[in-house]
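Peer 1: Let me begin by handing over the structure; questions about it come next.
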Amino acid sequence: MSIVNVGALPKTSEGSSLVDKWMVKAHFIAGISFFFLALLAGLVFSTQFLRNYLFPGIEVLSPGRIRMIHTNMAAYGFLANLFFGGLYWAVPRLTGERVWKRSVSIFLFWAWQTILVATFVGQMFGYAQGVEWAETPIFIDPVVVIGVLLMTVNFYVPILRTKEKPLYVSLWYFTAAFVWTGLVYIMGNYLPQFFAPGVAGAAIGGLFIHDLVGLFVTPLGWGMMYYFVPLILKKPIYSHALSLVGFWGLAFFYPLQGVHHFLWSPIPMFVQYGAVTSTIAVEIVVTTVIVNFFMTLKGNGSILKTNIPMRWFYTGMILYFTTCLQCAFQVTLTLQQIIHFTDWVVAHAHLVMLGVFGFWLLGVVTHLWPKVTGREWFSLRLNAWHYWLTAIGTVIMFGDLTIAGLVQGFSWRSLQIWEQSLTASMPFWMVRTFAGTMIVLGQMLWVYNLYRTAKNPKRLGSEVPMLNLEHELAPASMTNPTIAL
Amino acid sequence: MAKSPIERFSTVFLVAGLSFFLFSFVSSGLVPWLMMNKIPTQSLDDLAKHIPKSFYKLAADYPQEFKLYYGEPNAASFKEAISLGRDNYIAEACWHCHSQQIRPISNEPQRWGKVSTADEYQNVLQMPQMMGTRRVGPDLFRESERRSNDWQMAHLFKPTNVVPSSVMPEFPWFFSADKHPNKRGLAVVAYLQWLGSWAKDSTDEMIQSIPKDNRASIQ
């Protein structure tokens, strides 16, 4: 396999007309705004655990409702918006074709933001749906389904029209992600609510929780990595065979794991065993993907010192490997006895949603922001601060809550009075709030930097034709090691 | 490059996208669903055939408020109260910090009673199911009559008044201005006191089997 299909993009299509930069920028701005909302909601919620809730006794700001805003805005506001932005950049460039219709893109942009606002306002006013990660009020669900369908068509058109065949790895992931997202959303939001009571609903709800990460976020995330990493490194992915193994292994094993969210429940044991087995199997697949990407990096490792987007990508990959390895162990019926229902799971969720996919998307935005605004970075130092504050904050939160989970699990098993597990958790919850503050602080610096960059009088240089791979690299100043920490 | 059927849109769409997903849905969603379908799903009317004693106590404990919002304690008012209670349980996301699932491990039966079974979830108030995935506070699947209605009310109004180390939020909007429970407050307590009332006898047996010295601290 030669360098990414980009090398063979049709010479006729000019970069500027191919990619709709307004769409990319709009989704980035929306995504980062909702990221802030999600982070602040999380931070505010964490103060409840310190018995010093910031807004006590106010119904619409009740901690339970704020928690749903935290998780839902993280998934559908932060990750989804930034993925859409990245797709509007990557898909036209990979296929050499525009997305279906600009009017549809613009309609979808505003529709999606309306859905998000309606979701968190609905949750604040008590209309949440009782399905984890699907707390979007029931009356908004049909709009989401229509939105996802339209988005699918919008991106399938260029993928179907492209003359670049066979499809590049990223496009396998994107193609599959869109089928899965629609099906998963319909399954999770409708079946447990209206058709499948109790235990069957739990099995399907487990599938939904897991598929939302595994079949919506993960394939879009890996699709982005297969696109941006070889471009920035200016060399092809190490092994095409491993790319094939990674994709098909993930496609087969990932959907089979959902029930592992309800182990030791009344769901039939053979279904639980199946979920455990395929979870351990997927770890082997994940290893092949990680090997593929680290072999690609081999010989160019020093780029991580200077190129912050690449640093986000590879940090995310290390954490991806961590979370998947962790998953292969925590999913066993033995460890589940202690860790289920504890903060261990909360730690795991933060590592996946923020530490892996969040980091990748922060890297994508950092990589693309100068290109979509056409401005030089205002400050590379702030980008480095953003990286370190966020990365250290996330790792502290992960380690802290993981240990807290063990403390809670053993406290419960030893039949101490319940409140003992709260008292024992208190120091960990304090550290969690501290780590969350670090993450919020990092984003504040970053947003300031993004704003100043957009207003920067220094232009990025003239519009370079898209086939020039130099243009895909970070601005020259970014490779200066003394500036980028 | 040779033709590569596996890297085509249609292959990815049909095999990875549709088929693998449907296979997973059938094997880990539909199969348990069809197995559970053998257990009849209880409607609200079915549930109202077993009104727990706590519900009559609720009407006696808060006679004015109960009369005002629900009238007489009967099947109709019971149905109304527990389904409104369940709705508020979801709206306040109680289920994000309280599970409704007792596992056969980790000494959970000793702490809470009978291990939860599939039939106990086969009813309309478990649509969507409320098993939960996190326990900040204790499991509630055997909460029925474990504590008095008054305790539940005081606890909902301001949890730290009753359990000083609690991290549970307060719910003053379940109460009227004069601090008497309103319709929602009565509904939530009716719901909490209903949870596990169907298995009360076996829970009591289980608790009796625990040595007396341990019992108080565990509950």
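Peer 1: Could you grab me the full set of residues in segment B:35-55 that are surrounded by fewer than 14 Cβ atoms within 10 Å (Cβ to Cβ) and more than 8 Å from chain A (Cβ to nearest Cβ)?
Peer 2: B:38, B:40, B:43, B:45, B:46, B:49, B:50, B:53
Peer 1: Could you grab me the full set of residues in segment A:72-94 that are touching a Leu at 6+ places or on another chain (Cβ under 7 Å) and either outside any helix (DSSP H, G or I) or farther than 27 Å from residue A:39 by Cβ (or both)?
Peer 2: Passing the criteria: A:92, A:93, A:94.
Peer 1: If residue B:216 meets every condition in (1) modelled with pLDDT of 90 or more; (2) outside any loop (DSSP other than H, G, I, E, B); (3) within 13 Å of chain A (Cβ to nearest Cβ) apart from one, which number is that one?
Peer 2: Looking at each condition in turn, residue B:216 falls short on (1).
Peer 1: Still on this structure: Quick test for you: out of A:33, A:17, A:46, pick the one residue that is of a type in the set (Ser, Thr, Tyr), part of a helix (DSSP H, G or I) and more than 24 Å from the chain's Cα centre (by Cα).
Peer 2: Among A:33, A:17, A:46, only A:17 is of a type in the set (Ser, Thr, Tyr), part of a helix (DSSP H, G or I) and more than 24 Å from the chain's Cα centre (by Cα).
Peer 1: Across segment A:92-105, which residue is surrounded by the fewest Cβ atoms within 10 Å (Cβ to Cβ) among those that are among the aliphatic types (A, V, I, L, M) and modelled with pLDDT of 95 or more?
Peer 2: Result: A:104.
Peer 1: I'd like to check which helices (runs of 4 or more DSSP H) are fully inside segment A:319-387 and have at least 3 residues that are within 14 Å of chain B (Cβ to nearest Cβ) and more than 19 Å from the chain's Cα centre (by Cα).
Peer 2: The qualifying helices (runs of 4 or more DSSP H) are A:333-339.
Peer 1: If I ask for residues that are more than 7 Å from every other protein chain (Cβ to nearest Cβ) and part of a loop (DSSP other than H, G, I, E, B), which ones from segment B:93-131 would you list?
Peer 2: B:97, B:98, B:100, B:102, B:113, B:114, B:115
Peer 1: Are any residues in segment B:119-147 without any contact (Cβ under 8 Å) to a residue 60 or more places away in the chain and of a type in the set (S, T, N, Q), and if so, which ones?
Peer 2: Scanning segment B:119-147 gives B:126, B:129, B:133.
Peer 1: Considering each of A:430, A:438, A:444, A:397 in turn, give the residue that is modelled with pLDDT of 95 or more and touching a Lys or Arg at 6+ places or on another chain (Cβ under 7 Å).
Peer 2: Testing whether each residue is modelled with pLDDT of 95 or more and touching a Lys or Arg at 6+ places or on another chain (Cβ under 7 Å) leaves just A:397.
Peer 1: If I ask for residues that are assigned to a helix (DSSP H, G or I), under 21 Å from the mean Cα position of the chain (by Cα) and surrounded by 18 or more Cβ atoms within 10 Å (Cβ to Cβ), which ones from segment A:291-311 would you list?
Peer 2: Those that are assigned to a helix (DSSP H, G or I), under 21 Å from the mean Cα position of the chain (by Cα) and surrounded by 18 or more Cβ atoms within 10 Å (Cβ to Cβ): A:292, A:293, A:308, A:309, A:310, A:311.
Peer 1: Has segment A:198-205 got any residue that is more than 7 Å from every other protein chain (Cβ to nearest Cβ) and either assigned to a helix (DSSP H, G or I) or in contact with a strand residue (DSSP E or B) (Cβ under 8 Å, 6 or more places away or on another chain) (or both)?
Peer 2: no
Peer 1: Oh, and also: So which residues in segment A:80-138 are in contact with a His (Cβ under 6 Å, 6 or more places away or on another chain) and farther than 26 Å from residue B:8 by Cβ?
Peer 2: Those that are in contact with a His (Cβ under 6 Å, 6 or more places away or on another chain) and farther than 26 Å from residue B:8 by Cβ: A:81, A:85.
Peer 1: Assess whether residue A:284 counts as being away from chain B (no Cβ under 14 Å) and closer than 18 Å to residue A:233 by Cα.
Peer 2: No; evaluated as a whole, the condition is false for this residue.
Peer 1: What single numbered condition from (1) more than 9 Å from chain A (Cβ to nearest Cβ); (2) in contact with a helix residue (DSSP H, G or I) (Cβ under 6 Å, 6 or more places away or on another chain) fails to hold for residue B:28?
Peer 2: (1)
Peer 1: Would you tally the residues in segment A:51-71 being part of a loop (DSSP other than H, G, I, E, B) and not aliphatic (A, V, I, L, M)?
Peer 2: So the answer is 7.
Peer 1: Just to be sure I understand the filter: pairs with C-beta atoms under 9 Å, separated by 6 or more residues or on different chains, first member in segment A:112-125 and free of Cβ contacts under 8 Å to residues at least 60 places away in the same chain and crowded, with 18+ Cβ neighbours inside 10 Å, second member in a helix (DSSP H, G or I) and among the small types (Gly, Ala, Ser). Which pairs pass?
Peer 2: So the pair list comes out as A:115/A:147; A:119/A:77; A:123/B:91.
Peer 1: If I go through segment B:121-152 residue by residue, how many of them are of a type in the set (Asp, Glu) and buried (at least 22 other Cβ atoms within 10 Å of the Cβ)?
Peer 2: Within segment B:121-152, residues that are of a type in the set (Asp, Glu) and buried (at least 22 other Cβ atoms within 10 Å of the Cβ) number 1.
Peer 1: Of all residues in segment A:237-255 being buried (at least 24 other Cβ atoms within 10 Å of the Cβ) and at the interface with another protein chain (Cβ under 7 Å from one of its Cβ atoms), which is nearest to residue A:177 (Cα to Cα)?
Peer 2: A:251
Peer 1: Considering segment A:162-179 alone, what residues qualify as being without any contact (Cβ under 8 Å) to a residue 60 or more places away in the chain and assigned to a helix (DSSP H, G or I)?
Peer 2: Across segment A:162-179, the qualifying residues are A:175, A:177, A:178, A:179.
Peer 1: Could you list, in sequence order, the residues of segment B:65-106 that are farther than 30 Å from residue A:266 by Cβ, surrounded by 18 or more Cβ atoms within 10 Å (Cβ to Cβ) and not acidic (Asp, Glu)?
Peer 2: The answer is B:66, B:69, B:70, B:73, B:77.
Peer 1: Does segment B:65-84 contain any residue that is closer than 18 Å to residue A:198 by Cβ, within 8 Å of chain A (Cβ to nearest Cβ) and either touching a residue at least 24 places away in the same chain (Cβ under 8 Å) or small (Gly, Ala, Ser) (or both)?
Peer 2: No - not one qualifying residue is present in segment B:65-84.
Peer 1: Restricting to segment A:268-290, give me the number of residues that are farther than 21 Å from residue A:241 by Cβ, surrounded by 15 or more Cβ atoms within 10 Å (Cβ to Cβ) and not hydroxyl-bearing (Ser, Thr, Tyr).
Peer 2: Total satisfying the criteria: 7.
Peer 1: Can you tell me which residues in segment B:158-173 are farther than 16 Å from residue A:61 by Cβ and not basic (Lys, Arg)?
Peer 2: B:159, B:160, B:161, B:162, B:163, B:164, B:165, B:166, B:167 - these are the residues of segment B:158-173 that are farther than 16 Å from residue A:61 by Cβ and not basic (Lys, Arg).
Peer 1: Within 22 Å of residue A:90 (Cα to Cα) and crowded, with 24+ Cβ neighbours inside 10 Å, is that true of residue A:227?
Peer 2: yes
Peer 1: Testing residue A:423 on (1) over 25 Å from residue A:307 (Cβ atoms); (2) modelled with pLDDT under 95; (3) of a type in the set (S, T, N, Q), one condition comes back false. Which one is that?
Peer 2: (2)
The values are calculated or read from the model by the stated rules, or taken from the named source; none is laboratory data. Bear in mind that the values here come from a model prediction, so they are computed numbers and not experimental data. For neighbour counting, all protein chains shown are included, and Cβ atoms are generated from backbone atoms with ideal geometry for every residue, glycine included.
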